[in-house]
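Written below as structure tokens is the structure these notes are about.
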Amino acid sequence: MKEINWSDFEWTQKSYKLLKGIEEFPENKKIIVLLRHSHRYESGDLMNHENDLLTPIGHQYANLFGKHFPKRKPIRIYHSKVKRCKETADGIKSGMKETNKLVEMKGDLDVLYDIKVQPDVFYREANKYPLDQLVYRWAAGLYSEEIIISFQKYVREAAKAIWSFNEKPMSSGVEIHISHDFILACLRFGWFGFDSNGCLPDYLTGFAFTIMDAETIQLFDFDQFKTVETPHWWNHL
């Protein structure tokens, strides 16, 4: 099998920069990483996209991501129920195990996939609008809550689940949440107010953050650190 390198593709270069950014977070803080799954087959079949699995390259880089992930204790991994996200999680975990990192697979988490929408409605709209525009239309309240949960309710429920979903909350370490480009774009916009500028997260890329205090979040996003204010509702989840 051909040896792979982080410089091979544009998306792998971005993925490597995310790893280097995670290294720079304070070690005494809990870090949350929102990550898109690794490289997948592109069938172009939106209705059956759940069947699009990782490519061999996708598997290789998921493993490499785990090998090069910073040593933090503990590390927990959650993923969308879609198989390519579990494949990504398994690959990352395998790479971490090979480099003697303490990692626990926690399994699938609903908010990483389920936006409580009627599937036929979502697919119809996704065929009419680019995904980044679909995020803004949903956030603007252009869809009835009879067909999809309100955007604000979704991003708040996701924040509650992702930040505190476990029986033993961590005060340090890392939690990795593996999801999809659309979900990451929704959470980035709903939590921090940053639009996508037509650029959705690429394979094995995303953002990472930690809560510094009641008012401040340290965010690593698009290859740079940003200090953002916590949403007014964040401390009342």
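Read-outs throughout are calculated quantities, based only on the coordinates presented, and are distinct from any laboratory measurement. These numbers come from a predicted model, not from an experiment. Every residue, glycine among them, receives a Cβ derived from its backbone with ideal geometry; neighbour counts consider all protein chains shown.
Scanning for something assigned to a helix (DSSP H, G or I), surrounded by fewer than 19 Cβ atoms within 10 Å (Cβ to Cβ) and touching a helix residue (DSSP H, G or I) at 6+ places or on another chain (Cβ under 8 Å), does the stretch 222-234 turn up at least one residue? Even if it seems obvious, please write down each step before you answer.
Looking only at the stretch 222-234, we keep the residues that are assigned to a helix (DSSP H, G or I), and these are 234.
Among the residues that remain, those that are also surrounded by fewer than 19 Cβ atoms within 10 Å (Cβ to Cβ) are: 234.
Subsequent filtering for residues that are touching a helix residue (DSSP H, G or I) at 6+ places or on another chain (Cβ under 8 Å) retains 234.
Yes: one or more hits.
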When every residue in the stretch 78-102 that is buried (at least 22 other Cβ atoms within 10 Å of the Cβ) and of a type in the set (A, V, I, L, M) is compared, the one farthest from Arg137 (Cα to Cα) is Met96
Filtering the stretch 178-203 down to residues that are aromatic (Phe, Trp, Tyr) and in contact with a helix residue (DSSP H, G or I) (Cβ under 8 Å, 6 or more places away or on another chain) yields Phe182, Phe189, Trp191, Phe194, Tyr203
The one condition Lys71 fails out of (1) among the charged types (D, E, K, R); (2) part of a loop (DSSP other than H, G, I, E, B); (3) in contact with a Gly (Cβ under 6 Å, 6 or more places away or on another chain) is (3)
Residue pairs within 7 Å by beta carbon, gap of at least six or interchain, first lying in the stretch 194-206 and at positive phi and touching a residue at least 24 places away in the same chain (Cβ under 8 Å), second of a type in the set (Ser, Thr, Tyr) and crowded, with 20+ Cβ neighbours inside 10 Å, listed first then second, are Leu204/Ser15; Leu204/Ser38; Leu204/Tyr61
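May I ask you to say which residue of Gly190, Gly198 is closer than 16 Å to Arg137 by Cα, part of a loop (DSSP other than H, G, I, E, B), touching a Pro at 6+ places or on another chain (Cβ under 9 Å) and not hydrophobic (A, V, I, L, M, F, W, C)? Step through it out loud before you land on a result.
Numbers: Gly190 fails: part of a loop (DSSP other than H, G, I, E, B).
Being closer than 16 Å to Arg137 by Cα, part of a loop (DSSP other than H, G, I, E, B), touching a Pro at 6+ places or on another chain (Cβ under 9 Å) and not hydrophobic (A, V, I, L, M, F, W, C) holds for just one of Gly190, Gly198, which is Gly198.
Of all the residues that make up the stretch 148-164, how many are part of a helix (DSSP H, G or I) and among the hydroxyl-bearing types (Ser, Thr, Tyr)? Please lay out each step first, then the result.
Going residue by residue through the stretch 148-164, those that are part of a helix (DSSP H, G or I) are 151-164.
Then keep just the ones that are among the hydroxyl-bearing types (Ser, Thr, Tyr); that gives 154, 164.
Number of matching residues: 2.
Let's see how each residue does on (1) in contact with a strand residue (DSSP E or B) (Cβ under 9 Å, 6 or more places away or on another chain); (2) more than 21 Å from Leu112 (Cα to Cα); (3) not in a loop (DSSP other than H, G, I, E, B):
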site: Glu27; (1), (2), (3): no, yes, no
site: Ile31; (1), (2), (3): yes, no, yes
site: Leu35; (1), (2), (3): yes, no, yes
site: Ser38; (1), (2), (3): yes, no, no
site: Ser43; (1), (2), (3): no, yes, no
site: Asn48; (1), (2), (3): no, no, yes
site: His59; (1), (2), (3): no, no, yes
site: Leu64; (1), (2), (3): no, yes, yes
site: Lys67; (1), (2), (3): no, yes, yes
